[in-house]
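> Here's a structure for you.
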Amino acid sequence: MRIGELSRRTGVSARSLRYYEEQGLLTSSRSDAGQRHYSDAAVQRVSLIRQLFDAGMSSRVIASVLPCVDVPGDLGAAEETFTSMMRERDRIDADIAHLIETRDALDVLIRANSRHRAELSTAPEPVAKSA
């Protein structure tokens, strides 16, 4: 299938598909006219790539994980993939911990602001002096 068809079937833009190729995540063959042609398996491949991006992985990390998919019986690739995935999970856990700390700090500020607003709403109105 051509790039437009793959784009329609996956919901991924042609620009992104070209980027995936540049990064070595996706391959195509070329016609004599230079048009990209993809196999039917490319649909599943693009879906997997999207899932990995959605999990927060960079294209570099995805490129290190995909060999396990490409050669499922390769123990070395499986071990490297496992290590990469664990490292990414640890990175995501650290990001989550940081976000929780940030949210907690914001909660403190929100409570302080709420108290301040309550104090302002119960304070007597200043009396305007006439000239």
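> State yes or no: is ARG87 charged (D, E, K, R), within 29 Å of the chain's Cα centre (by Cα) and modelled with pLDDT of 80 or more?
Taking the combined requirement at face value, the residue satisfies it.
> Confirm whether ARG36 is more than 30 Å from ASP93 (Cβ to Cβ), of a type in the set (D, E, K, R) and in contact (Cβ under 8 Å) with a residue 24 or more places away in the chain.
Yes; evaluated as a whole, the condition is true for this residue.
> Report every pair of residues separated by at least 6 positions or lying on different chains whose Cβ atoms are under 7 Å apart, first residue within the stretch 61-74 and under 22 Å from ARG91 (Cα atoms) and touching a residue at least 40 places away in the same chain (Cβ under 8 Å), second not aromatic (Phe, Trp, Tyr) and not in a helix (DSSP H, G or I).
Once the first residue is under 22 Å from ARG91 (Cα atoms) and touching a residue at least 40 places away in the same chain (Cβ under 8 Å) and sits in the stretch 61-74, its partners that are not aromatic (Phe, Trp, Tyr) and not in a helix (DSSP H, G or I) give ALA63/GLN23; ALA63/GLY24; ALA63/LEU25; LEU66/LEU25.
> Check SER28 against each of (1) within 19 Å of SER13 (Cα to Cα); (2) out of contact with any strand residue (DSSP E or B) (no Cβ under 7 Å at 6 or more places or on another chain); (3) crowded, with 16+ Cβ neighbours inside 10 Å and name the one condition it does not meet.
Answer for SER28: the failing condition is (2).
> Shifting gears a bit: Among the helices (runs of 4 or more DSSP H) lying completely within the stretch 34-131, list those that include at least 3 residues that are open to solvent by 90 Å² or more (accessible area, probe 1.4 Å) and under 23 Å from SER13 (Cα atoms).
41-54
> Can you pull out every residue in the stretch 1-54 that is under 17 Å from CYS68 (Cα atoms) and either small (Gly, Ala, Ser) or over 21 Å from the mean Cα position of the chain (by Cα) (or both)?
GLY24, THR27, ALA41, ALA42, SER47
The values are calculated or read from the model by the stated rules, or taken from the named source; none is laboratory data. A quick note: this is a predicted structure, and the numbers were derived from the prediction, not measured. A quick note on method: Cβ atoms are made from the backbone with ideal geometry, for glycine too, and the neighbour counts reach across all protein chains shown. Areas reflect the complete protein model, heavy atoms only, side chains present, ligands, DNA and RNA absent. Shrake-Rupley method; radii C 1.70, N 1.55, O 1.52, S 1.80 Å.
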